[in-house]
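The values are calculated or read from the model by the stated rules, or taken from the named source; none is laboratory data. Just so we're clear, the structure is a prediction, and the values are computed from it rather than from any experiment. Note that we place each Cβ from the backbone using ideal geometry, even for glycine, and neighbour counts take in every protein chain shown.
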Amino acid sequence: MAIDAPGPGLYPLGRDDMKTYFLRHGIAVEEADWKGEEADRPLSAEGEALMEREALAIASLGIGPDLILTSPLARAAQTARIVARALGIEDRICLEPRLGPGFDLARLAAILKERKTLGSILLVGHEPGLSTTIGELIGGARVSCKKGSLACVKLKDPGQARGELFWLLPPEVLAGMRD
């Protein structure tokens with residue numbers, strides 16, 4: 001079996017496995033400070049700066065998703081654009097409404113079924129959906145995705161909503177990787 005290593009020091013994945021990356025959006029403007037619609041609430045200046053650093057770390061891991069799907073909410077879409085720019089794949093971003101509020105295992109299964117021929121996919125979304133869905137995907141574990149966390153789940157068969165958590169990197173680790 002051929003091995004495709006996602007980056008230095010990380011566990012190798014088999015070439016036939018689908019790599020599903022889950023990225024929680026960066027730090028957003030506080031709700032109390034935002035006067036517009038909730039869906040339009042962007043990353044804060046701090047959140048944008050941290051996500052720029054994290055995006056460079058993500059690029060250094062050698063992650064090259066075939067597609068980036070993002071929740072249509074502004075803070076997630078902004079996060080996806082920052083990461084796509086760092087990866088040099090700005091042309092591979094699509095808005096995916098099912099990644100918005102209410103994201104769950106059933107929505108993930110539908111998304112993956114539609115894209116089962118991809119080798120890897122990056123999903124950008126929100127809590128509590130990301131953590132809950134990852135936990136259910138890997139057999140009922142309790143997972144916590146802080147803002148800016150990145151997880152990698154290996155799927156043997158994208159048609160089945162079952163996978164193995166390979167790693168979960170908190171934002172502090174990602175932001176510090178390029179120092």
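Taking the stated definitions as given, is Glu54 part of a helix (DSSP H, G or I), surrounded by 14 or more Cβ atoms within 10 Å (Cβ to Cβ), more than 13 Å from the chain's Cα centre (by Cα) and modelled with pLDDT of 95 or more? No; evaluated as a whole, the condition is false for this residue. Here Lys146 meets the list (1) assigned to a strand (DSSP E or B); (2) surrounded by fewer than 17 Cβ atoms within 10 Å (Cβ to Cβ) almost entirely, failing just condition (1). Of the residues in segment 118-127, none is within 19 Å of Leu69 (Cα to Cα), touching a residue at least 60 places away in the same chain (Cβ under 8 Å), polar (S, T, N, Q) and in a loop (DSSP other than H, G, I, E, B). Being over 19 Å from Gly148 (Cβ atoms) and among the basic types (Lys, Arg): is that true of Arg92 here? Answer is yes for this residue. Of everything listed in (1) part of a helix (DSSP H, G or I); (2) closer than 21 Å to Ser131 by Cα, the single unmet condition for Ala59 is (2). Answer yes if at least one residue in segment 74-83 is at negative phi and over 14 Å from the mean Cα position of the chain (by Cα), and no otherwise. Yes.
Cβ contacts < 6 Å: first residue closer than 18 Å to Pro42 by Cβ, restricted to segment 82-93; second residue outside any helix (DSSP H, G or I), any location; separation 6+ or different chain. Result? That search, which allows pairs on different chains as well, returns Ala84/Ile68; Ala84/Ile93; Ile93/Ile68.
Tell me yes or no: at least one residue of segment 106-124 is touching a Cys at 6+ places or on another chain (Cβ under 7 Å) and crowded, with 22+ Cβ neighbours inside 10 Å. Lay out the reasoning, then the answer.
Filtering segment 106-124 down to residues touching a Cys at 6+ places or on another chain (Cβ under 7 Å) leaves none.
Scanning segment 106-124, I find no residue that is touching a Cys at 6+ places or on another chain (Cβ under 7 Å) and crowded, with 22+ Cβ neighbours inside 10 Å, so the answer is no.
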